[in-house]
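What follows is one structure encoded as structure tokens, with my remarks underneath.
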Amino acid sequence: MVSLEESRSNSSRFPLAKSYQYHSSVSSKTQRHIGRSMRTIRSNFFQDDSSSCSFTEKSTCLSENLTDSVVDLRLGELASRNNKSLKSSPGEEDFLDLSQAFSDFSACSSDISGELQRLATLPSPECVQKSNISGEVEPETEPEPCTGFLQRESFSTEIIESISPEDLQPTVKICIDGLQSQSVAVKRSAAAKLRLLAKNRADNRVLIAESGAVPVLVPLLRCSDPWTQEHAVTALLNLSLHEDNKMLITNAGAVKSLIYVLKTGTETSKQNAACALLSLALVEENKSSIGASGAIPPLVSLLLNGSSRGKKDALTTLYKLCSVRQNKERAVSAGAVKPLVELVAEQGNGMAEKAMVVLNSLAGIQEGKDAIVEEGGIAALVEAIEDGSVKGKEFAVLTLLQLCVDSIRNRGFLVREGGIPPLVALSQTGSVRAKHKAETLLRYLRESRQEASTSSS
């Protein structure tokens, strides 16, 4: 907590506020006050070289982790891979720590479309209508015209677990043959069953892939029947969780078809397509090809228009892809910065911290820095330092430091947005890393003041 006297004392150390002027090319969005009136009042005081308001630090816990997201990825391993590839400035070791913001995915289910009961119960002739996942009414589906296994009306996790190893291979073969049927209903049933068979058991994922399921699942990603498409994309997602299957899926031409699902599928299909791309992007050489194939714009669209879960899945996939410079450029060009800044400003939505991590990645290129400033990112980050969680404060000051380290202009914007009091408070009461970065940023601001004083004398 910063007292009024402390704020006055600190303000006397930074009399440069009025000397900074916004560049004429900066959009009026930069000057908007995204958050609360306290920062606006404080900013006005600083522009008058007067005292600042006191500041209340709200160190809240992360309101929502990512354990409800889609992929059962072992991001403990992912974090170590990121540590080898992620490069940022200043203080590379600090930005390596940002990858931990997404490590909550390690406990997630592989098959999120949920509704196992819907999957376990196949369409019955008596069912005239049923609701799909978005709440719309689905027309009556044709009765499944197949016999034996694919006609079974109950196919749950218990049945999966009861299938003996010797029976599994013929079971998988029946499903793969069903994927090539002329009947949409048979294809739908076969894809749904492979989806469940690949959901929890690693040995099933190996057997299904070795049996040749991938090349016949990939064409179903472009199926006009939305449920068949959903089952196919989720089956491929589940199969991709086995390391050796990733390149098999990529080499089968799945990337462009997954992007097609991102553009055309149901909400659940889009979420699972995003996560399948994330899973494939764990192979380093796939990142560039996924970006070059056009994945970034539909991921940004999911970030803008998706459900809460869809936004989280888009955030995570963008984060992974944007460890490659070309994908950072693609993300900025696709308009990713604006929704990211908006998520940062919406404290308490469970996504602000993750959005800051992706923003930090995009701030690694000049185009990203410029877009963040243009979209009012400095104001949003100042609010995060004031009102965010402990981790959120760390991410915010790291990103501000990256924006300001080589830019006197951005330092001026930071002062004009009332950033000094919360930075001073963070340097006194934050975590060890946050204190250090806040002190470093304050030192840059002092240097700018001294340079401004020297040039004016």
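Side notes on the structure shown:
- Set side by side, the residues Q347, Q402, Q428 differ, and just one is of a type outside the set (S, T, Y), under 22 Å from the mean Cα position of the chain (by Cα) and either over 26 Å from C322 (Cβ atoms) or not in a helix (DSSP H, G or I) (or both), which is Q347.
- Residues located in segment 186-205, provided they are farther than 18 Å from R222 by Cβ and among the hydrophobic types (A, V, I, L, M, F, W, C): L196, L197, A198, A202
- The listed residue being within 27 Å of N327 (Cα to Cα) and in contact (Cβ under 8 Å) with a residue 24 or more places away in the chain, out of I365, I385: I365
Residues are listed down the side, and each one gets a yes or a no for (1) of a type outside the set (S, T, N, Q); (2) open to solvent by 10 Å² or more (accessible area, probe 1.4 Å); (3) touching a strand residue (DSSP E or B) at 6+ places or on another chain (Cβ under 6 Å):
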site	(1), (2), (3)
K311	yes, yes, no
T316	no, no, no
A334	yes, yes, no
E342	yes, yes, no
M356	yes, no, no
N360	no, no, no
Q366	no, yes, no
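- Residue among V415, V397, V390 that is open to solvent by 10 Å² or more (accessible area, probe 1.4 Å) and out of contact with any strand residue (DSSP E or B) (no Cβ under 7 Å at 6 or more places or on another chain): V390
- Single match in L221, L194 (criterion: crowded, with 24+ Cβ neighbours inside 10 Å and either over 27 Å from the mean Cα position of the chain (by Cα) or modelled with pLDDT under 95 (or both)): L194
- Members of segment 274-305 that are more than 23 Å from P339 (Cα to Cα) and of a type in the set (D, E, K, R): E284, E285
The values are calculated or read from the model by the stated rules, or taken from the named source; none is laboratory data. Computed from a predicted structure; not experimentally measured. No Cβ is skipped: glycine too gets one built from the backbone with ideal geometry, and neighbour counts run over all protein chains shown. Accessible surface is based on the protein model in full, side chains and every heavy atom, while ligands, DNA and RNA are left aside. Shrake-Rupley method; radii C 1.70, N 1.55, O 1.52, S 1.80 Å.
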